Amino acid sequence: MSTPSTDSLSELSAAVKGSWHRFLDVYEPLRPELYRYCRYLTRSPWDAEDLAQDAMARAFATLGRMVAGPPNPRAWLFRVASNLWIDQMRRRREHSEPEVEPATAHEPRAPREAAGTLIARLSPQERAAVVLKDVFELTLEEIAEALATTPGSVKAALHRGRGKLVEPDAQEGPETSAPPCVLDAFCDAFNARDLDRLTALLLDTSSIDVVGVTTEYGAEAARARVLPGMLYGSRRLADPEWRGIDLRLRKGALPTLPRGEVRSYRGEPLLLSWYAHEDGEAVRAITRFETDGERIARVQNYFYTPDFIADICRELDVPFRINGYRYW
């Protein structure tokens, strides 16, 4: 079997990127509702963002195999997300892994969280049906389309699900864990703009994601492309000539370099990136880490995730600004 040439691979990559950009032009306006739907299903902002990203990617791939586009893009996108989530729940049951909701004690809870505590008792099909009907106000026919079932089955799922929602609430566990030393070291190096120290904290096999936009593998790749953006991106953000993020989202941004702060969210340490603006500081990025105890195995930088940033910052009760979904 012949190996594809470098030129053909480059042409393919460019063609896929062009198609992806055109796909986003059409479907990105539905992204806030997709995130909100995923948030009700998963009850976790991390899982909701992951599910929304996966649903967009699956929808893009599926669209390429469809003879004609979906007549109701909103319901179809919900259907893609529903199928992915129900499959995840099925695999989890097959492996006997109970669904665990992260602890939220001692932290503010959005109204959605209180409702989610009850909704979590429902089966995947019931939960999706109740959310689509009572939160998004879809018709029975639209819900049937989104869940690949019949209006009669939707009616039955709604009846069963609403009956379960009258049961008393369950107790939640206490908050656990504290920020590990490696994250404090990352924050210190971040605020010192010490690229060498930041790179040294990463495993050679680490991955670093700007969620929804880019993925790099290895400490040196992170050093060359992602870490400088995290450290110095505020300069570009404040440049009125930069033709990236919508200028309206950057209004009042100053070129002052961002300040990192480690905060605990639901027992997990996060790095908040505070950006300077004419009217004060605001969080514009949130970074999550996976470690092997002493060094960092994975970095997930949430910058182009406006719904996610708003969700986390509202729970933490901190000011925030959003950056849109992409830089082009």
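Results, tabulated for the structure shown:
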{"quantity": "Verdict on D188 being acidic (D, E), over 24 Å from N323 (Cβ atoms) and either touching a Leu at 6+ places or on another chain (Cβ under 7 Å) or loosely packed, with under 14 Cβ neighbours inside 10 Å (or both)", "calculated": "no"}
{"quantity": "Residues within the range 139-160 that are more than 29 Å from the chain's Cα centre (by Cα) and crowded, with 18+ Cβ neighbours inside 10 Å, tallied", "calculated": "0"}
{"quantity": "The range 293-310: number of residues that are modelled with pLDDT of 95 or more and basic (K, R)", "calculated": "0"}
{"quantity": "Hey, R266 of a type outside the set (G, A, S), at pLDDT below 95, on the phi > 0 side of the Ramachandran plot and surrounded by 14 or more Cβ atoms within 10 Å (Cβ to Cβ) or not", "calculated": "yes"}
{"quantity": "Test: residue in the range 218-232 that is part of a loop (DSSP other than H, G, I, E, B) and either under 25 Å from G324 (Cα atoms) or more than 24 Å from the chain's Cα centre (by Cα) (or both)", "calculated": "no"}
{"quantity": "Condition broken by T117, with the remaining ones in (1) part of a helix (DSSP H, G or I); (2) at pLDDT 75 or above satisfied", "calculated": "(2)"}
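Residues checked against (1) under 16 Å from the mean Cα position of the chain (by Cα); (2) under 15 Å from P319 (Cα atoms):
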| position | (1), (2) |
| --- | --- |
| L257 | no, no |
| P269 | no, no |
| S273 | no, yes |
| G280 | no, yes |
| I296 | no, no |
| Q300 | yes, no |
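The values are calculated or read from the model by the stated rules, or taken from the named source; none is laboratory data. Predicted model only: the values in this text are computed from it and were never measured. For neighbour counting, all protein chains shown are included, and Cβ atoms are generated from backbone atoms with ideal geometry for every residue, glycine included.
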